[in-house]
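A.B. asks: Have a look at this one before I ask anything.
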Amino acid sequence: MIKAILIFNNHGKPRLIRFYQYFAEDMQQQIIRETFHLVSKRDDNVCNFLEGGSLIGGSDYKLIYRHYATLYFVFCVDSSESELGILDLIQVTFSLLQVFVETLDKCFENVCELDLIFHMDKVHYILQEVVMGGMVLETNMNEIVAQVEVQKPHGEGGLSAAPARAVSAVKNMNLPEIPRNINIGDINIKVPSLSPF
């Protein structure tokens, strides 16, 4: 079972953190730091799995990771099964990790660290299509992308698109002509042109 999914950059800054087992927040931060130190010290030519750190269960857990450009994608899985089960789990997790990264790449057209930062809601949605509660839900990338596409019309842009929608709505309004001179008794006010359009 998947216990945690961690994505951090080359400097150890977390970009996506999902724990499927409860840890206090300070413990989570320590696990992230320890995991980063374990994974970042490894050479690119060695295998991409190792025993979990002392904080996340040691030899009872396996860290399966990939390093893509400036990001580390790390899956923490339990190893309470037989050795063959662990090998199978590692293989499945590698392919799952590959599916997750390729899906992000397809949805964001060459995913980068900024996509994870500025489109966090979409990244979490993609992750929830793949894994929920530590259990694998879907491994077919085309099916995941199709589900993400279905969500686009409903939530396209979210709050970040609100200013653009507001400006276009104001441009399309038929407002009456704004008076140029306002006379209130003895006071005469000249209104400057305020049209930003």
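A.B. asks: Could you look through the stretch 37-71, keep only residues that are in a helix (DSSP H, G or I) and open to solvent by 30 Å² or more (accessible area, probe 1.4 Å), and pick out the one that is nearest to Leu116 (Cα to Cα)?
C.D. replies: Ser40
A.B. asks: Out of all the residues in the stretch 4-24, which are over 20 Å from Lys62 (Cβ atoms), part of a loop (DSSP other than H, G, I, E, B) and either among the hydrophobic types (A, V, I, L, M, F, W, C) or touching a residue at least 60 places away in the same chain (Cβ under 8 Å) (or both)?
C.D. replies: Residues satisfying the conditions are Asn10, Ala24.
A.B. asks: Any residue at all in the stretch 81-92 that's out of contact with any Gly (no Cβ under 8 Å at 6 or more places or on another chain), open to solvent by less than 60 Å² (accessible area, probe 1.4 Å) and at pLDDT 80 or above?
C.D. replies: For the stretch 81-92, residues out of contact with any Gly (no Cβ under 8 Å at 6 or more places or on another chain), open to solvent by less than 60 Å² (accessible area, probe 1.4 Å) and at pLDDT 80 or above: absent.
A.B. asks: Applying the selection to the stretch 110-139, what residues are modelled with pLDDT under 80 and either open to solvent by 50 Å² or more (accessible area, probe 1.4 Å) or under 22 Å from His11 (Cα atoms) (or both)?
C.D. replies: Within the stretch 110-139, Asn110, Val111, Cys112, Met132, Met135, Val136, Leu137, Glu138, Thr139 meet the criteria.
A.B. asks: Are any of the residues in the stretch 176-191 surrounded by 10 or more Cβ atoms within 10 Å (Cβ to Cβ), modelled with pLDDT of 75 or more and farther than 20 Å from Tyr20 by Cβ?
C.D. replies: No; the residues of the stretch 176-191 include none that is surrounded by 10 or more Cβ atoms within 10 Å (Cβ to Cβ), modelled with pLDDT of 75 or more and farther than 20 Å from Tyr20 by Cβ.
The values are calculated or read from the model by the stated rules, or taken from the named source; none is laboratory data. The structure displayed is predicted, hence computed values, not measured ones. All Cβ positions, glycine included, derive from the backbone under ideal geometry; neighbour counts span all protein chains shown. Please note that ligands, DNA and RNA were not included when accessible areas were found on the heavy atoms of the full protein model with its side chains. Shrake-Rupley method; radii C 1.70, N 1.55, O 1.52, S 1.80 Å.
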